[in-house]
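The values are calculated or read from the model by the stated rules, or taken from the named source; none is laboratory data. Keep in mind that what you see is a predicted model, and the values were worked out from it rather than measured. Cβ coordinates were reconstructed from backbone atoms using ideal geometry, including for glycine residues, and neighbour counts include every protein chain displayed.
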2 protein chains.
Amino acid sequence: MNPYIKEDPWSIIEMGFEPERHEISESLFSLGNGHMGQRANFEEHYSGASLPGSYMAGVYYPDKTRVGWWKNGYPEYFAKVLNSTNWIAIDIFVDAERLDLATCQVQDFVRELSMKAGVLRRTFTATLPSGRAIQVDATRFVSMKHKEIGVIEYNVTPLDADATITIVPSLNGDVMNRDTNHGEQFWDSVACLHDQSRAILTMKTKKLDFYVTSAMQCQLSIDGNTVKTTPTLSNVANQLSNQYVIAAKKGEKVTLHKFVANVTSRDHAIDQLHTVAQAAVLHAQTIGYNQLLREQEEAWDLKWKESDITIEGDVSAQQGIRFTIFQLHQTYSGDDERLNIGPKGFTGEKYGGSTYWDTEAYCLPFYLSTAQEHIARNLLIYRYRHLDKARENARKIGFKKGALYPMVTMNGEECHNEWEITFEEIHRNGAIAYAIYNYVNYTGDRDYLSEYGLEVLIEIARFWEERIQYSEDKQKYVMLGVTGPNEYENNVNNNWYTNRIAVWTMDYAREVITNLQESDAQALLRIREKTQLLDEEIKTWQTISEKMYYPYDDKRNVFLQQDGFLDKELIPVNDLDPQELPLNQHWSWDRILRSCYIKQADVLQGLFFLSDRYDVATKKRNFDFYEPLTVHESSLSPCVHSILATEIGYHDKAYEMYLRTARLDLDNYNNDTEDGCHITSMAGTWMSIVYGFGGLRVSADRLCFTPSVPKQWTSLSFKVIFRHARILITMTQDTVTVENETDIPAKLMIGQSAIDLAPYTHQTIAL
Amino acid sequence: MNPYIKEDPWSIIEMGFEPERHEISESLFSLGNGHMGQRANFEEHYSGASLPGSYMAGVYYPDKTRVGWWKNGYPEYFAKVLNSTNWIAIDIFVDAERLDLATCQVQDFVRELSMKAGVLRRTFTATLPSGRAIQVDATRFVSMKHKEIGVIEYNVTPLDADATITIVPSLNGDVMNRDTNHGEQFWDSVACLHDQSRAILTMKTKKLDFYVTSAMQCQLSIDGNTVKTTPTLSNVANQLSNQYVIAAKKGEKVTLHKFVANVTSRDHAIDQLHTVAQAAVLHAQTIGYNQLLREQEEAWDLKWKESDITIEGDVSAQQGIRFTIFQLHQTYSGDDERLNIGPKGFTGEKYGGSTYWDTEAYCLPFYLSTAQEHIARNLLIYRYRHLDKARENARKIGFKKGALYPMVTMNGEECHNEWEITFEEIHRNGAIAYAIYNYVNYTGDRDYLSEYGLEVLIEIARFWEERIQYSEDKQKYVMLGVTGPNEYENNVNNNWYTNRIAVWTMDYAREVITNLQESDAQALLRIREKTQLLDEEIKTWQTISEKMYYPYDDKRNVFLQQDGFLDKELIPVNDLDPQELPLNQHWSWDRILRSCYIKQADVLQGLFFLSDRYDVATKKRNFDFYEPLTVHESSLSPCVHSILATEIGYHDKAYEMYLRTARLDLDNYNNDTEDGCHITSMAGTWMSIVYGFGGLRVSADRLCFTPSVPKQWTSLSFKVIFRHARILITMTQDTVTVENETDIPAKLMIGQSAIDLAPYTHQTIAL
């Protein structure tokens, strides 16, 4: 356990300044509200190691790719999330000496992220090289209520003597990404308006023409009394600064309130950006700092009401799971169907901020259970809107029909280019179909199918139909040349998971068509006309389903990850020299590929998704075979294993796997948190509690729980929303209490007991 | 057939200037002498499209790599052959107007490469934009006798009026590669000496510190009479120029003889480079242009004496095969065991000028049969000298013992980085072992084994031993995760060819050990001590050999290219839409991978190498199965198929395949000759005549022929050197004549007739 984050149920707290950990803290203490995000960079100048990150959701850059040898079908670009205008900057000078924590003696440094309120506060005293001492108390947040608004209160108090405090808030468009393929700057400046009444800066991406306009308003006060002072204005190299010079007596607190609006051409007409930004920032200023702060607390209070998890008897676990929930809410609010969830959210640049199958496979359940229905629905509509691009993508790599969703995307176009991933990790298409099932099954929103879902299912089923071929040799349908979820195998034949999810998609598409024929034949007709779906196709899906080949080991009675898997030397991970782990840092790629070691759940991912189709004995046999060969070198691996282990009854294993996911970032287990937090795997952490220990499933329109609280915990409680009812579930080692917090009745099942829970009632069941 | 190269038995002739073909011609008319090479760039300034190429053998640059995602074990650099100091430049001004064929009216343009003499000549008349007309007659060669010397005779004659002709020969070190990964210049200037008596320029590579020093001497004459004139000197940006101004009357021929020495730090001490270069160029000047030209003709005459092939009844084929022989001799002379044969020789930058398995698999036979023994031997010693690097390479990717030769190399280090090639196309190791067998079998030089060969064989066998693993499932040894010669499959299990060549290597190593035990036990002891070879290891090789798994199709009785090959849809290439060919330009990479289509001989490569182990019926079955699925999209493919087809008796197919390789560059079949000529595949062309139509094999120390002259030809004759005797073989449709041109008796076999051919005798056999 890494002691530099203090254990606390509601806050992330760092005590003492450790420059070598600063980039990790910048990730951990990140703020976001779904519209924008901000790493915990210092407001004032800092010359030490730092990864600046101010991100606007949906604003990205198609960076030139970097490849060894080009392959036909590769996309032209690799999208990058953009570090955009630095809006937090507030430079401080004490008698003309610049504050820079890298050169000061820093004392009483405390950084605290209140997850309850969504507020970051930093306090310290600094002794500058000259010997001058000041106290700083800086608080900031990005408003959950006013999405385009960020607010900072920055307090400076001279401690040793009277001082001239110079405060220079600015908007700085002269920023770079750390992650660029060819060292280019991605922004051009477009315009600024800068006078005593306003500071507005508009930057534009060099490609795709995203405009970001930032407007700033500042207020100064001394010991709480407003000070009217005229700043000196400066505009150099796309940096608009207001310089305020204040004579402060020893012990007097000089306060700057900086209000910023960040608006983009994604939301507003380009010619309106200045006006909108100016109006928004003035509105924020009118509301005032204290009221904005209260609103922020209220907004987060509501989030917690809907989605909190409490763990009694384990503060560390409590902090871990709240951090997970907090970051997921910061990343995606579901208001904008054009947005999605990047693997690092707003906490770093890595993985380009793009959308992966992580969203459907790992994140969707969180939003399904903890947010209003339209939020998860918008995640699905995101893919629906990309259907044409997915069709194009399939055409581009030679398919006559169907749709192949991209591996990595910003706008529906593929932007990854390793052939073994881009072209072959096609199981992602199955996850996108599965998410539709998952959503409909959870919400009961069958209209989604006729409105959007079926069209996607048909196009994915068509893709599988064309991708699967008949083997004369096997007299079965096969799927050659794929990469499964276990990316430590590339270009394999008959990956069980991919074969299975492909057939499942074709089966589900047929089932939805059959049901819709009964419930709304008119709607079906419309969709069939739109998609030009032939009876012949549906029949082919059925034929493939009946004659699909699945690799199987008759001796062990397990599904085989792929053809030829049994030719490998099957040596359990535990028998490897621990010095060789993680394999991806110690073994050459080809050695990994030809070894038996599994990066993340593959066959087991299928048993998790299609949990109701397989009995516990089957799950156990496959778990017993595969888990010992699994190195869990993807952050997405332990959660699925934890959930399955709970189901099988391997409680110690389940808890071990839970620990590997729960505090991954807080304790920097993978030694890479400086790049950003593992946002999508956090959703997996949430699943390992709610689906794993809570045993949540949906069956026949009923929310079912099979409790299994780890023996290390006194109790576990969490809230889920199901069919608009919000249920608080509290589990101890012996009892389960369910409480309906809404006026909507809820149909539940605890273990084998069906419970119809009336509004505002609760019920306790002994286990 | 592309008519712009005139058919001629001894020359490559282009009549008329076509700027859009200029880069192709620059490749075709390239000159080389094994030490240096020069594309057919114009001497005078040319503003049109051109790929400048002056190459010094063995001088290369470790360019920074460009990858998408780094994989453990990748090398740090990708080596590049270097475009070095432009030593041919001679700028021409007519009354101060610069000659530039891109801006002139050009008439009577003829470019002729005499393959008989190794000389390039270009003549034309040009009308400049001002209307001034001149005739130009430029001849150049790189000396086969004086390897460091290049010579140019450049004649200018004013045609319309008297003129001031300004001639500016120069040495220009300010050059770039077209192929750079990050747009960098690879050279720094070091020093120059430039005065009325000398022009010497030394450039140094920015990495690895290769020095190249060029020294120039010039002579001027008018109508053959030497003119003494003092040039104006200029030295700007690493370009040393001598400007001569000559008043020439209409019809007077102004002649510049430019002698250049290019010497490198590979051959001389750095502090001696200036001295050596100056001495060399002065020596050349003393010999004089005409004598140098005679020496050049003599040197080439000798080459042709040893290696000519004549085809009667087909000028086009005659020209094609002479071009092949000519280019191979230009590329590699075998004098320097540190050198090897890049895929483009000295004709372009593509493939980095590095060494591939092409050398052992395709080029070695040409040098074995057409050059003195030490030349092929040096090709083997090249790999012996790299043995330590190959051991390091194996360690780097995780092998405890053995050696893995690199896929692409300059100095023994791997410099390619696609995992599916670098890590997995390991059959190259087998080709390097096979080349040792091939050399010893052909030359009878068994001493090579004890001196060098066995050590390499042991280390390669050890690599295979570790790379092969035991499959409990199959109860056989298997080899997983390889890429075979057919690069249209990646990361397959049990590639038949790789399994076969691996076991063959282990068998051959054991055989050599057994033989050496009898013939020279002392030598064996020394090698076993040096390599620390255990009896245990030799035994393991035997065990693997006995229990190796080879994929096989019992139904068709053919070897299977790899596990799972029969799951593919086996549709012959002929049934594809011709619009889709070549596949590598029309299909996405994954579609190619999961298709049945074969880029180049794979199983058939094994049947070619190990020809004496398989009967004709086996070859026929496999050919019948694989050839129809083969797209021959590697220039190395048709030759092997042509040879096998001849052996099987598919004469039309053999000739069809021969045509695909024979004039590949002259007719620019693959539409890529502008990048350079396909030098290594030319050796395959040579093989398809001598091994294919000539049926050359070596068996029991006897040189065997099975003639099969294509019916399109009247006769075919070629020379081969065998055990120091040079034999001229002339084949018609009905007879074979063998003539021993040396004083060494030769043991031959024509068809089933053994012939012991006495010195200077000949014998004719009816077929």
Does segment B:754-761 contain any residue that is part of a loop (DSSP other than H, G, I, E, B), touching a Phe, Trp or Tyr at 6+ places or on another chain (Cβ under 8 Å) and not β-branched (Val, Ile, Thr)? no
Which of the following residues is closer than 30 Å to A:Ala746 by Cα and touching a Gly at 6+ places or on another chain (Cβ under 6 Å): A:Ile436, A:Ile501, A:Ile432? A:Ile436
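Would you mention how many residues in segment B:545-559 are crowded, with 18+ Cβ neighbours inside 10 Å and within 10 Å of chain A (Cβ to nearest Cβ)? Let's see the steps before the verdict.
Pass one, segment B:545-559, residues crowded, with 18+ Cβ neighbours inside 10 Å: B:548-549, B:551, B:558-559.
Checking which are within 10 Å of chain A (Cβ to nearest Cβ) leaves us with B:549.
Of the residues in that region, 1 qualify.
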Condition check: part of a loop (DSSP other than H, G, I, E, B) and buried (at least 24 other Cβ atoms within 10 Å of the Cβ). Does A:Gly352 satisfy that? no
Identify, please: which residue in segment B:403-428 is more than 14 Å from chain A (Cβ to nearest Cβ) and either part of a loop (DSSP other than H, G, I, E, B) or free of Cβ contacts under 8 Å to residues at least 60 places away in the same chain (or both) and is, among those, surrounded by the fewest Cβ atoms within 10 Å (Cβ to Cβ)? B:Asn411
Can you name the residue in segment B:42-69 that is within 14 Å of another protein chain (Cβ to nearest Cβ) and surrounded by fewer than 20 Cβ atoms within 10 Å (Cβ to Cβ) and is also modelled with the highest pLDDT among such residues? B:Lys64
The condition of being closer than 23 Å to B:His274 by Cβ and either out of contact with any Lys or Arg (no Cβ under 6 Å at 6 or more places or on another chain) or of a type outside the set (Phe, Trp, Tyr) (or both) holds, among B:Val156, B:Val142, only for B:Val142
I'd like to verify a number: residues in segment A:661-705 that are part of a helix (DSSP H, G or I) and over 30 Å from A:Met749 (Cβ atoms), how many? 4
Checking B:Lys389 against (1) more than 14 Å from chain A (Cβ to nearest Cβ); (2) of a type in the set (Lys, Arg); (3) out of contact with any Gly (no Cβ under 6 Å at 6 or more places or on another chain), which single condition isn't satisfied? (3)
Anything in segment B:608-631 that is more than 14 Å from B:Asn486 (Cβ to Cβ) and in contact with a strand residue (DSSP E or B) (Cβ under 9 Å, 6 or more places away or on another chain)? List them, or say none. B:Ser611, B:Asp612, B:Thr618, B:Arg621, B:Asp624
Residues to consider are A:Val168, A:Val175; find the one that is hydrophobic (A, V, I, L, M, F, W, C), crowded, with 18+ Cβ neighbours inside 10 Å, part of a loop (DSSP other than H, G, I, E, B) and in contact (Cβ under 8 Å) with a residue 24 or more places away in the chain. A:Val175
Please count how many residues of segment B:665-696 are crowded, with 24+ Cβ neighbours inside 10 Å and without any contact (Cβ under 8 Å) to a residue 40 or more places away in the chain. 1
Given (1) touching a residue at least 12 places away in the same chain (Cβ under 8 Å); (2) within 11 Å of another protein chain (Cβ to nearest Cβ), identify the lone condition not met by A:Ile643. (2)
For segment A:250-307, which residues satisfy the criterion of being at pLDDT 95 or above, among the hydroxyl-bearing types (Ser, Thr, Tyr) and under 31 Å from the mean Cα position of the chain (by Cα)? A:Thr264, A:Ser265, A:Tyr289
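Can you go through A:Glu7, A:Glu20, A:Glu14 and tell me which one is surrounded by fewer than 15 Cβ atoms within 10 Å (Cβ to Cβ) and farther than 15 Å from A:Phe141 by Cα? It would help to see each step written out before you state the result.
Working: A:Glu7 fails: surrounded by fewer than 15 Cβ atoms within 10 Å (Cβ to Cβ); A:Glu14 fails: surrounded by fewer than 15 Cβ atoms within 10 Å (Cβ to Cβ).
After applying the criteria, what remains is A:Glu20.
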A:Lys619: passes all of (1) surrounded by fewer than 22 Cβ atoms within 10 Å (Cβ to Cβ); (2) in contact (Cβ under 8 Å) with a residue 24 or more places away in the chain; (3) under 30 Å from A:Gly53 (Cβ atoms) but (3)
Whether any residue in segment B:746-753 is farther than 25 Å from B:Arg377 by Cβ and buried (at least 19 other Cβ atoms within 10 Å of the Cβ) is what I want to check. yes
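Scan segment A:429-439 and tell me whether some residue there is within 14 Å of chain B (Cβ to nearest Cβ) and either aromatic (Phe, Trp, Tyr) or more than 24 Å from B:Asn490 (Cβ to Cβ) (or both). Can you show your working first?
Applying the first criterion (within 14 Å of chain B (Cβ to nearest Cβ)) to segment A:429-439 yields A:429.
Subset that is either aromatic (Phe, Trp, Tyr) or more than 24 Å from B:Asn490 (Cβ to Cβ) (or both): none.
No; the residues of segment A:429-439 include none that is within 14 Å of chain B (Cβ to nearest Cβ) and either aromatic (Phe, Trp, Tyr) or more than 24 Å from B:Asn490 (Cβ to Cβ) (or both).
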Specify the residue that is farthest from the other protein chains (Cβ to nearest Cβ); the eligible residues are those in segment B:478-518 that are touching a residue at least 40 places away in the same chain (Cβ under 8 Å) and of a type in the set (Ser, Thr, Tyr). B:Tyr508
Search result, residues across segment A:565-580 that are surrounded by fewer than 16 Cβ atoms within 10 Å (Cβ to Cβ), farther than 25 Å from A:Leu480 by Cα and touching a residue at least 24 places away in the same chain (Cβ under 8 Å): A:Ile571, A:Pro572, A:Asn574
For segment B:83-161, give me every one of the strands (runs of 3 or more DSSP E) that falls completely inside it and has 1 or more residues that are among the acidic types (Asp, Glu) and over 23 Å from B:Tyr4 (Cβ atoms). B:90-94, B:149-158
Scan segment A:351-368 and give yes if some residue there is more than 15 Å from the chain's Cα centre (by Cα) and closer than 25 Å to A:Lys145 by Cα, otherwise no. no
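Hey, among B:Asp358, B:Asp335, which residue is surrounded by 24 or more Cβ atoms within 10 Å (Cβ to Cβ) and either closer than 30 Å to B:Asp447 by Cα or modelled with pLDDT under 90 (or both)? Write out each step before concluding.
Details: B:Asp335 fails: surrounded by 24 or more Cβ atoms within 10 Å (Cβ to Cβ).
After applying the criteria, what remains is B:Asp358.
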Only one residue in A:Met15, A:Met36, A:Met56 is touching a Lys or Arg at 6+ places or on another chain (Cβ under 9 Å) and more than 24 Å from A:Lys303 (Cα to Cα). Which one? A:Met15
Is it fair to say A:Gln562 is surrounded by 17 or more Cβ atoms within 10 Å (Cβ to Cβ) and more than 14 Å from chain B (Cβ to nearest Cβ)? no
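Can you name the helices (runs of 4 or more DSSP H) wholly within segment B:585-659 that have at least 3 residues being in contact with a helix residue (DSSP H, G or I) (Cβ under 7 Å, 6 or more places away or on another chain) and not charged (D, E, K, R)?
Here the list reads B:603-609, B:616-626, B:637-648.
Only one of these is among the hydroxyl-bearing types (Ser, Thr, Tyr) and farther than 30 Å from B:Ser30 by Cβ: B:Thr685, B:Thr764. Name it.
Working: B:Thr685 fails: farther than 30 Å from B:Ser30 by Cβ.
Being among the hydroxyl-bearing types (Ser, Thr, Tyr) and farther than 30 Å from B:Ser30 by Cβ holds for just one of B:Thr685, B:Thr764, which is B:Thr764.
From the list A:Ala102, A:Ala79, which one is over 24 Å from A:Glu297 (Cα atoms), under 23 Å from the mean Cα position of the chain (by Cα) and either within 14 Å of chain B (Cβ to nearest Cβ) or surrounded by fewer than 18 Cβ atoms within 10 Å (Cβ to Cβ) (or both)? Let's see the steps before the verdict.
Details: A:Ala102 fails: under 23 Å from the mean Cα position of the chain (by Cα).
None of the others qualify; the one that does is A:Ala79.
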